[in-house]
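Asker: Input: one structure, supplied below.
The values are calculated or read from the model by the stated rules, or taken from the named source; none is laboratory data. Not measured: the values here are computed from a predicted model. Please note: Cβ atoms are built from the backbone with ideal geometry, for glycine as well, and neighbour counts cover all protein chains shown. Just the protein is used for accessible areas: all its heavy atoms, side chains included, with ligands, DNA and RNA removed. Shrake-Rupley method; radii C 1.70, N 1.55, O 1.52, S 1.80 Å.
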Amino acid sequence: MTPSNLRFSSKLPNAKTTIFTTVGNLARKHNAVDLSQGFPNFEVDEKLKSLVTDAMQSGHNQYAAMQGYYGLREIISQKIETLHNRSYHPETEITVTVGATQAIFTAITAFVNHGDEVIVLKPAYDCYEPAITLNGGVPVYVQLDADGYRVNWQEFKNKLSDKTRMVIINTPHNPSGRIFSKEDMLQLQDILRPTNCIVLSDEVYEHIVFDGNEHQSASRFEDLAQRSFVCASFGKTFHVTGWKIGYCAAPEELMHEFRKTHQFAVFCVDHPVQRAMAAYLKNEEHYLSLPSFYQEKRDLFQEGLKDSRFTFKPSEGTYFQLLDYTEITTESDEDLAKRLIVDYKLASIPISSFNEHNRQDGVLRFCFAKKRETIEKAIQILNSIP
Ligand SMILES: Cc1ncc(COP(=O)(O)O)c(C=O)c1O
C-alpha cells in the first residue's frame, strides 16, 4: 500500500497491458502452438554463443564505450556502405543501443518537444506512441487501408503541419509484411524536402525481404538520409531477441544530440555481446542468407494454407503473415484470436490494437519464425477450422 498522502497522476493513463502479454499468457495457460509474438523458437547459432563466451573469458566485462564498442561501429558502418552506398562515420554517426526500442525511444526523447506533432502510420508497432506521449508530443495518424496497407502519399502530405517534428516509418512493416518500394521512398523524400521534419526509420526487419526484392533503407536516399535515424536490431537479424542489442545511424549533428540522451538513459550496452557481434558480422553470409532462410518458412506456411478458408496476400518482408478470416466468421479479431487459443490451441495476434480506433480489418497476424514442426502443426490446425 502506498501512503495516503502520496498522490500521482499517470503519464500514460491510456496504456493497458499489451495484446502480446494478454495473448501470450492465454497461450501458455492453454498450452497453445504459439505464432503470436515475434520471436524465433529455434536455437541461436552456436558460433555466436561461443563468441560471447570468448569475449567474457577475455575480460571484456566492464563498461563499453558510451557510443558502443568501436570495432562494432566500424563493421556496422562498412555493412551500411556496402549494402546502401552511404557512409556513416563510426566515430560520430553510429551508436549501439539496447535493441531498436531504445534507439526509437531515445531519438523521440531527444527531439520531440511539448506540442510537437509526430506522424505515425497505422497499423503501427506499439512502442512509438507511448514515447511520443511521454515527451509531450502529439501522434498524428495516417491509417493505411487494409486492402494492401499501401501509403496514400497525398493523404500523408495533408497530415503534415508546421508543428510536425518527426515522421516515423517502418519498412519492412510489422504487422502487414509490406515493404516500401523505391518509389515510396522517393515520394517521402520529395514531400519532406521543404520541411523541417526528422525521419525515424524503423528498419529492424532490414534483412528479411522476399522474392528478390531489395530493402529500401532511408540511408539510400540523399535528402532522406540527411534527416533520418535508421534503427536496426541484431535481435531480429541473428535470432537473439532476448539479447536486446541494436544500433542506429544518423548524420553527425543529429547523432550528437541523440547521444546526449543516450548517455544518461543507458550510458552503454552489454560489452561482451558487442564484441561477439563485431566478430560475427565479419561473415556477411550471416545476414545475407536471411531472405532465403525465412522465405522457405513463409512459403511452407502459405503452401500449407492454400486450401484453407483463410485468404492472404503473401508477406513481402518481416517474419509475419496476415491471414484474412472474413470468409469464416464475422467475429472481432480479438474474439477470434482468443477462441483459436482456447478451442484450437493456436495463438496469433489480433491487429486491431495496432490500428487507429482499433479498426477491425478481419485479419490475424501469424509469426512464421518457427521450427518446421511448429509451422506444420499450425497449418494443420488452421486447415481444420470450419
Ligand atoms: C517494428 C519493430 N520495431 C522495433 C522492434 C523492437 O526491436 P528490439 O527488440 O531490437 O528492441 C520490434 C520488435 O518486435 C518491431 O517489430
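Asker: Using θ = phi - 60° and the Karplus curve 6.51 cos²θ - 1.76 cosθ + 1.60, what whole-Hz ³J(HN,Hα) does each residue of segment 215-225 get, with Gly and Pro shown as x?
Answerer: Rounded to whole hertz, the list is 6, 9, 5, 4, 5, 6, 10, 3, 6, 5, 4.
Asker: Now for a separate question. Rank these by accessible area, largest first, 1.4 Å probe: SER228, SER181.
Answerer: My answer, sorted largest first, is SER181, SER228.
Asker: So how exposed is GLU81, as accessible area in Å² (1.4 Å probe, rounded to 10)?
Answerer: For GLU81, solvent-accessible area is about 90 Å².
Asker: Something else now. Taking amide H atoms as placed 1.01 Å from N in the peptide plane, list the residues 5 or more away in sequence, or in a different chain, whose amide H sits under 5 Å from that of ASP116.
Answerer: VAL138
Asker: Where in the chain are the DSSP H helices whose C-alpha atoms run 18 Å or more along the long axis and whose mean Kyte hydropathy is at least 1.6?
Answerer: The answer is none, since no helix passes both cut-offs.
Asker: Ordered by residue, what ³J(HN,Hα) values in Hz, to whole numbers, does segment 165-181 give under the Karplus form 6.51 cos²θ - 1.76 cosθ + 1.60, where θ = phi - 60° and Gly and Pro are x?
Answerer: Each residue's phi maps through the Karplus curve to give 9, 8, 10, 10, 10, 8, 9, x, 9, 9, x, 6, x, 7, 10, 6, 7 Hz.
Asker: So, one more: For a quick check: with amide H placed at 1.01 Å from N, whose amide H comes under 5 Å from SER228's, ignoring anything fewer than 5 positions away on the same chain?
Answerer: VAL199
Asker: Further question: Per-residue ellipticity at 222 nm for the chain, helices alone: DSSP H runs ≥ 4 residues times -39500 (n - 2.57), over residue total, nearest 500 deg cm²/dmol?
Answerer: The helix-only estimate for the chain comes to -11500 deg cm²/dmol at 222 nm.
Asker: When the solvent-accessible surface of protein heavy atoms is calculated with a 1.4 angstrom probe, in what order do GLU334, GLU183, GLU203 fall, highest first?
Answerer: GLU183, GLU334, GLU203
Asker: Which of the aspartates and glutamates could a cross-linker bridge to LYS306, judged by Cα under 19 Å and excluding same-chain residues fewer than eight apart?
Answerer: Leaving aside aspartates and glutamates fewer than 8 places away in the same chain, those within reach of LYS306 are ASP211, GLU296, GLU316, ASP324, GLU327, GLU373, GLU376.
Asker: Follow-up. Once you've got the Cα coordinates, tell me which of LYS122/LYS159; LYS122/LYS345; LYS47/LYS244; LYS49/LYS236 are over 21 Å apart.
Answerer: Details: LYS122/LYS159 13 Å; LYS122/LYS345 29 Å; LYS47/LYS244 18 Å; LYS49/LYS236 16 Å.
Those over the limit are LYS122/LYS345.
Asker: Of HIS207, SER352, THR318, which is farthest towards the positive pole of the chain's charge dipole, taken about the Cα centre with +1 and -1 on the beta-carbons of Lys, Arg and Asp, Glu respectively?
Answerer: Checking the options against the dipole of the chain, the answer is SER352.
Asker: Follow-up. Working with all protein chains in place, sort GLU376, GLU206 by solvent-accessible area computed with a 1.4 Å probe, largest first.
Answerer: So, going from the largest accessible area down, we get GLU376, GLU206.
Asker: Turning to a different aspect of this structure: Please report, in debye to the nearest 20, how large the charge dipole of the chain is about its Cα centre when each Lys and Arg carries +1 at its beta carbon and each Asp and Glu carries -1 there. Provide the component values of the computation, followed by the final result.
Answerer: Values: 41 positive and 49 negative charges, 205 e Å.
With only Lys, Arg, Asp and Glu charged at Cβ, the dipole is about 980 debye.
Asker: Still on this structure, please answer the following. Between segment 322-357 and segment 145-175, what's the alpha-carbon centroid distance in Å?
Answerer: 25
Asker: Okay, next question. What base-10 log of the normalised intensity I(q)/I(0) is obtained for the chain from the Debye formula, alpha carbons as equal point scatterers, at q = 0.07, 0.08, 0.10, 0.12 Å⁻¹?
Answerer: With one equal scatterer per Cα and no solvent, log10 I(q)/I(0) is -0.32, -0.42, -0.67, -0.97.
Asker: On the full set of protein chains, 1.4 Å probe, figure out the accessible area of ASP190 and give it in Å² to the nearest 10.
Answerer: Accessible surface of ASP190 is approximately 90 Å².
Asker: Per residue of segment 85-90, in order, report the coupling 6.51 cos²θ - 1.76 cosθ + 1.60 (Karplus, θ = phi - 60°) as ³J(HN,Hα) in whole Hz, putting x for Gly and Pro.
Answerer: Computed from phi, the couplings for segment 85-90 are 6, 10, 9, 10, 6, x Hz.
Asker: Going by Cα centres, segment 203-229 and segment 40-79 are how many Å apart?
Answerer: Segment 203-229 and segment 40-79 have Cα centres spaced 24 Å from each other.
Asker: Write down, largest first, the equivalent ellipsoid semi-axes of segment 186-239 in whole Å, where each equals the square root of 5 times an eigenvalue of the alpha-carbon gyration tensor.
Answerer: Result for segment 186-239: semi-axes of 24, 13, 7 Å.
Asker: How high is the relative contact order of segment 260-358, in percent, with contacts defined as C-alpha pairs under 8 Å that are six or more residues apart?
Answerer: About 13 percent, as a whole number.
Asker: Out of the total accessible area of the chain (probe 1.4 Å, heavy atoms of protein only), what percent is carbon and sulfur?
Answerer: The C+S portion of the solvent-accessible surface of the chain is 49 percent.
Asker: While we're here: Can you give the accessible area per residue of the chain, in Å², using a 1.4 Å probe?
Answerer: 45
Asker: Under a cut-off of 16 Å between alpha-carbon atoms, report the aspartates and glutamates in cross-link reach of LYS260, not counting same-chain residues fewer than 8 places apart.
Answerer: Cross-link targets: GLU91, GLU93, GLU252.
Asker: Quote the charge dipole size of segment 56-165 about the Cα centre in Debye, to the nearest 20; the model charges only the Cβ of Lys and Arg (+1) and of Asp and Glu (-1). Spell out each step's value before the answer.
Answerer: Working: 9 positive and 12 negative charges, 14 e Å.
Dipole size: approximately 60 debye.
Asker: Follow-up. Not counting ligands, DNA or RNA, and with a 1.4 Å probe, what is LEU281's accessible surface area in Å² rounded to the nearest 10?
Answerer: The accessible area comes out at roughly 10 Å².
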